[in-house]
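Have a look at the structure below, then the notes.
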């Protein structure tokens, strides 16, 4: 499956070949016909990723609070490692798509149904 992803440390975007998602209980798999990558949302995401650690902290004070709580719980070095591991990961882009159900574990949808999808992590910009 091809998917648009962003490297969290630098903001670099690319199209990657990833394994197709697994069908989850109550969920559906959709063959994407159309998807949206919002220029404003993704531009903000790139700007945050390209920022220094201080810039990232300024743009996400909620995460700074989580970091301090984690330092109290697990210590400075463990928290530093967690932050670095998170920054070394890729993020799937997109949150709005439409297409056709190809597999279903839902009572509401069956293969062949045309659907609209929304939600970060559920309607990423990808194709099977």
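The values are calculated or read from the model by the stated rules, or taken from the named source; none is laboratory data. The model shown is predicted, which means the values in this text are computed figures rather than measured ones. Here the Cβ positions follow ideal geometry from the backbone for every residue, glycine too, while neighbour counts run over all protein chains shown.
Observations on the model:
- All conditions in (1) part of a helix (DSSP H, G or I); (2) in contact (Cβ under 8 Å) with a residue 24 or more places away in the chain hold for residue 5, with the sole exception of (1).
- If you go through the stretch 13-71 and keep only what is in a loop (DSSP other than H, G, I, E, B) and in contact with a strand residue (DSSP E or B) (Cβ under 7 Å, 6 or more places away or on another chain), you end up with 18, 21, 23, 37.
- If you go through the stretch 80-113 and keep only what is over 22 Å from residue 14 (Cα atoms), in contact (Cβ under 8 Å) with a residue 40 or more places away in the chain and either surrounded by fewer than 12 Cβ atoms within 10 Å (Cβ to Cβ) or under 20 Å from the mean Cα position of the chain (by Cα) (or both), you end up with just 99.
- The set of residues in the stretch 21-37 that are free of Cβ contacts under 8 Å to residues at least 40 places away in the same chain and surrounded by 14 or more Cβ atoms within 10 Å (Cβ to Cβ) contains only 21.
- Residue 58 falls short on exactly one of the conditions (1) at pLDDT 90 or above; (2) over 19 Å from the mean Cα position of the chain (by Cα); (3) surrounded by fewer than 16 Cβ atoms within 10 Å (Cβ to Cβ); (4) farther than 20 Å from residue 7 by Cβ, and that condition is (1).
- Enumeration of residues in the stretch 72-117 that are assigned to a strand (DSSP E or B) and either in contact with a helix residue (DSSP H, G or I) (Cβ under 6 Å, 6 or more places away or on another chain) or more than 15 Å from residue 31 (Cα to Cα) (or both): 90, 91, 92
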